[in-house]
Amino acid sequence: MNSSEDIVAANTRTIPVWARIILIFPVTMILGIPFFFFEFFFESIKGALPNELAVSLDLLLTSLFLTICVTIGVYIFRRNLDRESFFSLGFDVKHIWRHLLYALITVLFIIGGGTFVLIYLDAVQISYAGMGAGIFFINVLTFALVAFNEELLFRGYILSNLLRKMGRFWALTLSSVLFGLMHLGNNQIDWLPIINLILAGYLLGVTYIYTRNLWYPIFLHFFWNFIQGPILGYEVSGSQTISIFRMEAGSNVYLSGGLFGFEGSAACSILTLLFIVLLAVCYKRAQVKG
């Protein structure tokens, strides 16, 4: 490395963690500027498509461009500011199928179990709606991309950087609060959904602080959104999706989640908190034994 490269490297290493975390957001937005031109083009042609296909493709393309921008932004920051490899963020594929299975079980207990409770209490009503195979496949891709880019940013980059400067609890807390605040612009947002989204940040990050592996939170995030929306028919963080079943919320919005979906319900709060504690205890015990 020549002297000018030495100077650049020295300067990048002096940028504090809090500045890196703040800067990653506008950098990602700047990288996404070309998307607005593509979105303008897509708006001009999607009128010729069937409505459900147009809506699903729009969500897919938005998720794809956002994933590209986040991945490029995180890669630039990781290589040039953190001076570490991109894959060191947590992409070890060892035990990847175990991560997938544990994530699916977690979501089935929280969202599946919570839904059974809400149906039993007559807080929600569910009916069959149906979905074409093409729309189903588009939804799989869309929510896989959403899970990847949000976990790469919040757990992979933000949480991993916070862990350099503070203890696990405070790093997890701060990253979870940021994750919750990111959703302030969502439809039907209220105080309980915000609390539940912060709790979701804890749930998504609690394994990462012990394993430094992103696969569990990525799979968990995917199953969480996909089972909520395209399968059961809840609004996903206030946004409606085309789904196999149709979910109608009762009048008690704090019990049912209302128009925000399952993430706005008290059932979500209780079950998510229960699993946060369970996962933390299990990983802490495993670490002590190890």
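The values are calculated or read from the model by the stated rules, or taken from the named source; none is laboratory data. Just so it is clear, the model here is predicted, and its values are computed rather than measured. Heads up, the Cβs are rebuilt from the backbone with ideal geometry, glycines too, and the neighbour counts pull from every protein chain shown. Please note that ligands, DNA and RNA were not included when accessible areas were found on the heavy atoms of the full protein model with its side chains. Shrake-Rupley method; radii C 1.70, N 1.55, O 1.52, S 1.80 Å.
What the table below lists for this structure:
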| read-out | value |
| --- | --- |
| Kirkwood Rh (inverse of mean 1/r, distinct Cα pairs), the chain, angstrom | 20.2 |
| Nitroxide proxy distance, nm - points 7 Å out along Cα→Cβ at residue 22 and residue 210 | 3.5 |
| Gap separating the Cα centres of segment 68-136 and segment 147-168, nearest whole Å | 16 |
| Cα gyration tensor shape for segment 143-205, rounded if a/c is under 1.5, else prolate or oblate | oblate |
| Accessible surface of the chain [probe 1.4 Å, protein heavy atoms]: carbon and sulfur percent | 71 |
| Charged-residue dipole, Cβ positions (Lys, Arg, Asp, Glu), the chain about Cα centre, Debye nearest 20 | 1240 |
| Fluctuation leader among 111, 218, 33 - the chain, Gaussian network, Cα springs under 10 angstrom | 33 |
| With Cα atoms, 0 to 90° folded angle of helix 215-226 axis to the chain main axis | 30 |
| Normalised alpha carbon radius of gyration of segment 190-265 [divisor 2.2 N^0.38 Å] | 1.17 |
| Average accessible area per residue (Å²) across the chain - probe 1.4 Å, nucleic acids and ligands excluded | 51 |
| Peptides ranked, highest mean first, by Cβ atoms within 10 Å: ranges 96-106, 240-250 | 240-250, 96-106 |
| Extreme residue, positive dipole direction of the chain, given options 76, 264, 197 (C-beta unit charges) | 76 |
